[in-house]
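Quick note: the coordinates plus some simple rules give every number you see, no bench work behind them. Quantities reported herein were computed from a predicted structural model and do not represent experimental measurements. Glycine also receives a Cβ, built like all others from the backbone with ideal geometry; neighbour counts cover every protein chain displayed.
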Amino acid sequence: MKTYPYDAPIMSNDNRIATQMNIEYAKAKMPADLPRAERLMVEENIKQLLKAHNAVLVAHYYVDPFIQDLALATGGCVGDSLEMARFGQAHSAQTLVVAGVRFMGESAKILSMEKTVLMPDLEAECSLDLGCPADEFSAFCDAHPERTVVVYANTSAAVKARADWVVTSSVGIDIIRHLHTNGEKIIWGPDRHLGKYIAAETGTDMLLWQGSCLVHNEFKATELMQLKEEHPNAKVLVHPESPDSVVALADVVGSTSKLLQSTHEMDADTFIVATDLGILHEMQKRSPNKRFLAAPTAGESASCKSCAFCPWMAMNGLKGIEQCLTQRSGEV
Ligand code: SF4
């Protein structure tokens, strides 16, 4: 079996500590659930504000279900990061309100430079983005000038600017296979699990930055096998940001959109889902008679850091959306 040079530098200790502190900060900053009457009032106000500001709400699958529903009810969209950015680009609204994490706001802005992009909380980060500082990543690339630099969309605009290619999880394999056919060797950042998966699928020589997603990194293979034994007819859906031991147990491996599509295309009534649990809202809406189980995130005697909920996605709240529209704040 071919071995790949999985020996890219680990992120600096300062960065690791900063990332851990940011997780705690995000958890402390998550908005509380609103009482029903107040929520309805805020939602109504947001509807008026969107019209008054010629704005549209674009939301990620992992944010609060009330925000997802509001986006759809007001003519916006719910999607993955690329779908969000493309929807914003094609829409006639001059202001895009992005409910997601900061790199998603940046991606929307990159595709719609002439539009105003607002976010409910600009401090909504991502462990992949935090774990890949542009200066450290750039130095890593400089040390391997013979390699083509490919980065995942879950990075800052500064890291994207250093790359030769930017890919999403839905097109990563095709792009890397194309580069491999041309004889190119790759530097991949920032998610090591996704990079390892693509390297194995395509046989490409890839040097991997050692970042990971807080949510997907925590899924556990042994506990997943036990859950499969309890539900032998269930199909297992896994996002490739998960460890390879978890990917190996999957019936479907793919982007958030591919996993979602599988739930209504596959002839199964139970699914075990290894991605952020925010996606279950849309899965259940599309297939109300099917059953969705969360893949285990903590091994025996262990506790989970995210428990399959991204703390930065959870920083998006209805009040924050109302505020960014009222005050024109949180501009990307
Ligand atoms: S779920 Fe993972 S990849 Fe997505 S924003 Fe959160 S930390 Fe980043």
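Summary of values
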quantity: For TYR62, TYR197, order by how many other beta-carbon atoms lie within 10 Å, fewest first; calculated: TYR197, TYR62
quantity: Normalised contact order of the stretch 176-332, rounded percent, pairs of Cα under 8 Å and 6 or more residues apart; calculated: 20
quantity: D_trans [Stokes-Einstein, Kirkwood Rh over alpha-carbon pairs] for the stretch 74-156, 25 °C, 0.890 mPa s, µm² s⁻¹; calculated: 175
quantity: Two-site FRET efficiency, SER170 against LEU34, from Cβ-Cβ distance with R₀ of 41 Å, rounded to 0.05; calculated: 0.75
quantity: DSSP beta bridges in the chain [antiparallel fraction, %, rounded to 5]; calculated: 5
quantity: Top positive-direction residue, dipole computed over the stretch 86-196 with Cβ charges, set GLY189, CYS141, GLN89; calculated: GLN89
quantity: Segments 28-36, 92-100 sorted - mean Cβ within 10 Å per residue, highest first; calculated: 92-100, 28-36
quantity: Likely footprinting exposure, HIS193, HIS239, fewest C-beta neighbours within 10 Å first; calculated: HIS193, HIS239
quantity: Most to least packed among 257-264, 182-189 [average Cβ atoms within 10 Å]; calculated: 182-189, 257-264
quantity: Square roots of 5 times each gyration tensor eigenvalue, C-alpha, the stretch 64-203, largest first, Å; calculated: 30, 16, 14
quantity: Neighbour-count order for VAL171, VAL63, fewest beta carbons within 10 angstrom listed first; calculated: VAL171, VAL63
quantity: Computed Kirkwood radius, in angstrom, where 1/r is averaged over Cα pairs of the chain; calculated: 20.5
quantity: The stretch 169-232 - convex hull of the alpha-carbon atoms, volume per residue in Å³; calculated: 109
quantity: Of LYS109/LYS285; LYS27/LYS160; LYS27/LYS235; LYS109/LYS160, pairs whose Cα-Cα distance is over 20 Å; calculated: LYS109/LYS285; LYS27/LYS160; LYS27/LYS235
quantity: Mean-position separation - Cα centroids, the stretch 176-237 and the stretch 267-324, in angstrom; calculated: 20
quantity: Within the chain, helix-based [θ] at 222 nm, where runs of 4 or more DSSP H residues each add -39,500 (n - 2.57), nearest 500; calculated: -12500 deg cm²/dmol
